[in-house]
Amino acid sequence: MPYHTSYLRISLLIIISLLLLFFAQGQQINTAVNNAYVLTRMAEKFHVQPRPLDDEFSSDVFTQLLKQLDEDKIFFTAADIKTFSKFRLELDDEIKNKQSTFLLAVLKIFGNRVAGTDTMIDNICKKPFDFSLPEKITKAEDTSYSTDEKARRMKLYKLLKSTALDILTKNDDLIILNETEQKRYVDSLEPTARLKARQTLKHYINIISQNAGGIEQYLGNEYCKAIAVCYDPHSEYFILTEKEDFDGELGQEQMVFGFHCMEEADGAVGIENIKPGSPAFKSGQINNGDKILSVQWEDRQPIDVSSGGLKQLYEVLGMSNHDKATFKIKKQDGTERLVVLLKQKMENNGEQNKVKSFLLRGSKTIGFISLPSFYQDWTNDSTGANGCANDVAKEIMKLKKENIEGLVIDLRYNGGGSLEEAIELSGIFIDVGPVGMEKGRDAKIYTLRDVNRGTIYDGPLMLLVNSYTASAAEVVAGTLQDYHRAVIVGTPTYGKATAQAVLPMDTTIDLSKDFSDVKSDGYFKVTVSKLYRVNGTTAQAKGVQPDIVLPDMLETHPQREAENDHVLITQVIEGAKYFKPYPIINLDVLKTFAIQQIDSSAQFQLIKKDIEIARAEGDNKEVNLQLADVVKERKKFVEREMNTAFVEPVRAPYTVVNNSFEKEQLKMNDDLEEMNRQWVKVLRNDPYVQATYEMMLLMIK
């Protein structure tokens with residue numbers, strides 16, 4: 001074949017490849033701009049309080065997208081931001097006209113920065129870190145974009161060094177060594193810490209570059225997510241995988257590989273157990289004790305997860321629900337094996353009952369129920385037989401057989417979920433009547449009712465809450481407080497009093513009709529209504545205020561609705577008709593007792609002291625990168641922790657006992673027995689549970 005003919009063919013292949021690449025990029029970006037347009041149209045139609053598509057909205061989307069793409073400010077420079085800034089007030093017009101000028105401008109720079117950062121990290125990590133240098137990360141460096149590439153490299157260097165230093169100083173034995181021994185220790189482990197720091201930072205880059213649709217799809221998805229969240233903190237754009245994961249959290253069957261993992265001290269992740277009937281089980285090639293070295297999704301490069309810990313592994317496993325993944329597995333005999341798996345839906349077989357109950361047996365027997373989330377029965381909507389409200393009811397019946405004289409329900413860290421389950425759960429404790437109100441886009445107010453007469457439990461009741469108690473959990477707490485049916489103990493709750501619907505990306509959807517069969521590659525979780533308490537007030541942005549306040553370390557850095565951008569503000573409305581509260585609970589005695597408990601408890605006094613220290617330190621602290629300084633800080637922290645540890649927990653005025661049904665279950669399962677022992681230990685030493693038990697004794701009197 002003549003040389004020029006061969007050269008021409010090669011050139012033609014290169015041109016075709018470039019054209020295909022350009023076409024693929026253009027297709028992903030076009031999908032994004034179309035989805036962006038559909039999102040704004042759907043928000044206009046369905047959102048309870050839609051924002052106008054104007055310059056203010058444009059500016060918010062601009063800021064939000066850059067925050068999502070580069071929260072740590074390690075990719076973009078100040079010059080890049082200046083380049084993008086000309087679009088700040090033009091995105092509303094780009095969305096309306098389905099234009100992609102802004103996205104293409106960001107894509108060009110973002111793609112280069114991600115690839116360049118990957119290389120930069122490798123180059124920085126070729127040399128050992130010198131921890132004797134008096135270096136720091138200042139607040140200005142941490143919170144601003146680098147002025148140029150040289151400054152960006154320095155920022156990456158300091159971030160990597162800080163990460164490595166954190167890894168090195170996790171071992172508290174370091175603080176008791178002398179200076180020479182410290183240096184010897186650090187020198188021996190520095191290569192390993194540097195490698196882990198490198199993998200930690202490169203993991204985030206891999207999530208971007210190994211996205212199933214490439215960096216173009218990643219950018220497009222983030223653009224749509226930025227638009228959605230600018231309507232309010234709980235409106236979200238989901239890709240299909242994320243929507244399926246969200247459904248799973250609410251109780252639907254989840255897409256899984258079917259194994260659970262355990263993180264080891266060096267960051268390696270091993271298989272702890274395998275779910276019978278799962279893809280991992282059926283493969284016959286994965287066993288307990290195997291280590292996962294890498295994960296490779298279809299048509300992508302392998303991602304090293306050999307020492308990144310559980311967080312990194314689960315982020316990689318969450319990248320898709322429908323593509324095949326090739327796992328590189330290291331067997332216990334040292335051999336390596338490639339295993340190809342595809343996720344499948346797994347039935348829960350009753351495992352969705354996350355409710356756990358105990359008996360606190362002292363001078364009185366008090367029931368204790370932990371409810372970590374509001375999951376819904378998706379398989380049997382008509383009865384709710386497998387929802388959390390029914391599961392709580394079952395646990396109460398077991399406890400009542402043990403003759404409990406009071407009941408504590410723990411809603412701490414319960415982020416909510418199904419509103420229907422919240423209504424059902426409230427109805428367990430009150431007779432028929434309203435439990436809240438809901439208002440959509442129109443002026444009509446809908447009363448949420450408990451339609452079942454009678455109660456399952458009518459004795460003394462307390463709810464434990466904190467700043468992570470949110471949404472449906474707040475509905476229950478607010479309802480039972482308004483009815484004077486329960487005493488709320490803890491700290492103010494999160495403050496989310498809105499309801500969302502997950503809709504396929506289709507502007508023709510009718511909310512009054514079933515659209516479950518409508519398929520889509522993207523979904524819009526949109527806020528469709530505001531929720532009110534039966535007395536007409538709202539927990540939105542305010543939270544449910546506890547009747548009895550106990551000190552909590554979470555209050556040093558409160559994470560509540562009011563702290564978010566674009567929070568919806570809700571006004572008070574008229575209370576529900578036919579709302580008849582029970583007699584008022586006399587809280588004075590309980591409040592006085594709680595103050596005495598706090599003042600006399602060494603644990604609560606330490607919590608109060610730690611709160612004062614944390615608030616005094618604030619968020620302005622610089623990050624030291626010199627070993628001697630970090631060891632001093634670590635020593636102070638450990639001494640404070642040791643002081644806490646040496647404070648003997650107050651001997652619980654109760655023993656923690658399982659109900660009769662649970663005792664029989666534990667006899668047949670060693671794993672459940674071990675988990676139960678951990679539960680018993682926690683409940684015995686938890687100062688909040690102890691204080692609540694003591695106050696419950698006063699309520700009973």
Enumeration of residues in the stretch 660-681 that are closer than 15 Å to residue 399 by Cβ and either basic (Lys, Arg) or loosely packed, with under 13 Cβ neighbours inside 10 Å (or both): 660, 663
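So that you can scan it fast, the table gives a plain yes or no per residue for (1) aliphatic (A, V, I, L, M); (2) at pLDDT below 90; (3) closer than 30 Å to residue 434 by Cα:
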{"residue": "551", "(1), (2), (3)": "no, no, no"}
{"residue": "554", "(1), (2), (3)": "yes, yes, no"}
{"residue": "585", "(1), (2), (3)": "yes, no, yes"}
{"residue": "605", "(1), (2), (3)": "no, yes, no"}
{"residue": "612", "(1), (2), (3)": "no, yes, no"}
{"residue": "617", "(1), (2), (3)": "no, yes, no"}
{"residue": "625", "(1), (2), (3)": "yes, no, no"}
Pairing a residue in the stretch 297-319 that is open to solvent by 40 Å² or more (accessible area, probe 1.4 Å) with any residue that is assigned to a helix (DSSP H, G or I), where Cβ atoms lie under 7 Å and the two sit 6 or more apart in sequence or on different chains, gives 304/199; 315/207
Return the residues of the stretch 157-175 that are in contact (Cβ under 8 Å) with a residue 60 or more places away in the chain, crowded, with 21+ Cβ neighbours inside 10 Å and farther than 12 Å from residue 631 by Cβ; say none if nothing qualifies. 159, 161
Just one listed residue, out of 272, 315, is over 12 Å from residue 329 (Cα atoms) and part of a strand (DSSP E or B), and it is 272
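Take the stretch 664-695 and flag every residue that is over 22 Å from residue 548 (Cα atoms) and aliphatic (A, V, I, L, M). Break it down stepwise before answering.
So in the stretch 664-695, the residues over 22 Å from residue 548 (Cα atoms) come out as 664-681.
Once the filter is applied, which keeps residues that are over 22 Å from residue 548 (Cα atoms) and aliphatic (A, V, I, L, M), the stretch 664-695 yields 666, 668, 672, 675, 680.
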Provide a single number: the residues in the stretch 446-469 that are under 21 Å from the mean Cα position of the chain (by Cα), open to solvent by 10 Å² or more (accessible area, probe 1.4 Å) and among the aliphatic types (A, V, I, L, M). 0
Which of the numbered conditions does residue 572 fail, given that it passes all the others? Conditions: (1) over 15 Å from residue 478 (Cβ atoms); (2) open to solvent by 90 Å² or more (accessible area, probe 1.4 Å); (3) out of contact with any His (no Cβ under 7 Å at 6 or more places or on another chain). (1)
Could you grab me the full set of residues in the stretch 514-541 that are out of contact with any Lys or Arg (no Cβ under 9 Å at 6 or more places or on another chain), charged (D, E, K, R) and farther than 15 Å from residue 474 by Cβ? 514, 517, 519, 521
Matching residues in the stretch 414-444 - criterion: being surrounded by fewer than 17 Cβ atoms within 10 Å (Cβ to Cβ), under 30 Å from residue 45 (Cα atoms) and of a type in the set (A, V, I, L, M): 443
How many residues of the stretch 57-67 are exposed (fewer than 15 other Cβ atoms within 10 Å of the Cβ) and not β-branched (Val, Ile, Thr)? The answer is 1
Where in the stretch 479-552 are there strands (runs of 3 or more DSSP E), lying wholly inside it, with at least 3 residues that are touching a strand residue (DSSP E or B) at 6+ places or on another chain (Cβ under 8 Å) and open to solvent by 10 Å² or more (accessible area, probe 1.4 Å)? 498-504, 522-532
Within the stretch 90-135, the residues that are of a type in the set (Val, Ile, Thr) and either under 30 Å from residue 625 (Cα atoms) or under 33 Å from the mean Cα position of the chain (by Cα) (or both) are 95, 106, 109, 114, 117, 119, 121, 124
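Over 24 Å from residue 546 (Cα atoms) and either at pLDDT 85 or above or open to solvent by less than 90 Å² (accessible area, probe 1.4 Å) (or both), is that true of residue 657?
Against the criterion (over 24 Å from residue 546 (Cα atoms) and either at pLDDT 85 or above or open to solvent by less than 90 Å² (accessible area, probe 1.4 Å) (or both)), residue 657 qualifies.
The values are calculated or read from the model by the stated rules, or taken from the named source; none is laboratory data. Computed from a predicted structure; not experimentally measured. Here the Cβ is made from the backbone with ideal geometry for all residues, glycine too, and neighbour counts use every protein chain on show. Calculation scope for accessible area: heavy atoms of the full protein, side chains included, ligands and nucleic acids excluded. Shrake-Rupley method; radii C 1.70, N 1.55, O 1.52, S 1.80 Å.
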